[in-house]
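Below is one structure, written out as structure tokens, with a few remarks after it.
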Amino acid sequence: DAGVIQSPRHEVTEMGQEVTLRCKPISGHNSLFWYRQTMMRGLELLIYFNNNVPIDDSGMPEDRFSAKMPNASFSTLKIQPSEPRDSAVYFCASRPRGGSEKLFFGSGTQLSVL
Amino acid sequence: AQTVTQSQPEMSVQEAETVTLSCTYDTSESDYYLFWYKQPPSRQMILVIRQEAYKQQNATENRFSVNFQKAAKSFSLKISDSQLGDAAMYFCAYTITGANNLFFGTGTRLTVIP
């Protein structure tokens, strides 16, 4: 299995631009998570999907952030418009059904907003 | 509120020696899981070891073992025979059984000295 696949690995953009981060979870996993990692705040959960349905988006910082999961094999996290304070590493993780709460992480997307 | 505390921002160990990383957590729940994740410079979050709270026996994975003290809410990681490849950030994490979120500590940066 290829694991959780995220793209791009790095993204550099200018303030005000739209940014879309992509994630392909492990096949057969039914839960998907988006996390953000910064030096100041560590790892924070942004949103969680179960069976493609958003369950908890209380961690999404503001309306500029949105996430979708149109099918079991794909999810996006969009920031529009982006701001310098959004610079961080964004991780996607998936979890199998009945998976003892173990999360499998992707390699993350390093986002830099100039 | 659930919190995870890692009081050692940085640790170092001589190659082949043993090192222990500390973690404490705060919860009123009785059924939960604890994890140690490793994040090398590649950024990948790698699960090192997992402990179910209902199990009294400490988990072990090759050179990695934990000292789980449920009453004290302590969950330390011991790395034996340290290797250069063990150098990484180590995150302690906690989740309630069946819950969405994985709460992370702030991490401990481990340096392995040749």
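Taking the Cα centre of the protein assembly as shown as origin, sum charge times position over the Cβ atoms of Lys and Arg (+1) and Asp and Glu (-1), and report the length of that vector in debye to the nearest 20. Intermediate values should be presented prior to the final figure.
Details: 21 positive and 22 negative charges, 71 e Å.
With Lys and Arg at +1 and Asp and Glu at -1, about 340 debye.
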#### Entry: Candidate lysines - alpha carbon under 30 Å from A:K78, same-chain residues fewer than 8 apart omitted
A:K24, A:K68, A:K102, B:K38
### Query
Setting aside same-chain residues fewer than 8 positions from B:K70, which aspartates and glutamates have a Cα under 14 Å from its Cα?
B:D26, B:E29, B:D31, B:E52
### Task
Would you mind computing, in nm to one decimal, how far apart the modelled labels at B:D26 and B:T97 are, each placed 7 Å from Cα along Cα→Cβ?
2.5
## Note on the structure
For the stretch A:62-114, averaging the sequence separation of alpha carbon pairs under 8 Å that lie six or more residues apart and dividing by its residue count, the contact order in percent is 32
### Task
Would you mind ranking A:K24, A:K78 by Cβ crowding within 10 Å, fewest neighbours first?
A:K78, A:K24
### Message
Using a Cα-Cα cut-off of under 16 Å, which lysines could be cross-linked to B:K73, ignoring same-chain neighbours fewer than 8 residues away?
### Response
B:K55
### Task
Could you work out the relative contact order of chain B, using alpha carbon pairs under 8 angstrom and six or more residues apart, expressed as a whole percent?
37
### Task
Could you point to the residue in A:M60, A:F49, A:F74 farthest towards the positive end of the stretch A:30-74's charge dipole, with +1 and -1 charges on the Cβ of Lys/Arg and Asp/Glu respectively?
A:F74
### Query
If contacts are Cα pairs under 8 angstrom and at least 6 residues apart, what is the relative contact order of chain A in percent?
37
#### Entry: the protein assembly as shown - Kirkwood radius from inverse mean 1/r over Cα pairs (Å)
18.2
### Task
Would you pull out the residues with amide H under 5 Å of B:A88's amide H, same chain only if 5 or more places away, H placed 1.01 Å from N?
B:L110
### Task
Determine the sum of side-chain charges near A:N71: Lys and Arg each +1, Asp and Glu each -1, restricted to other residues whose C-beta is under 15 angstrom from that of A:N71.
+3
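Quick note: the coordinates plus some simple rules give every number you see, no bench work behind them. The structure presented is a predicted model; accordingly, all values stated were derived computationally and were not measured. Note that each Cβ is placed from the backbone with ideal geometry, even for glycine, and that neighbours are counted across all protein chains shown.
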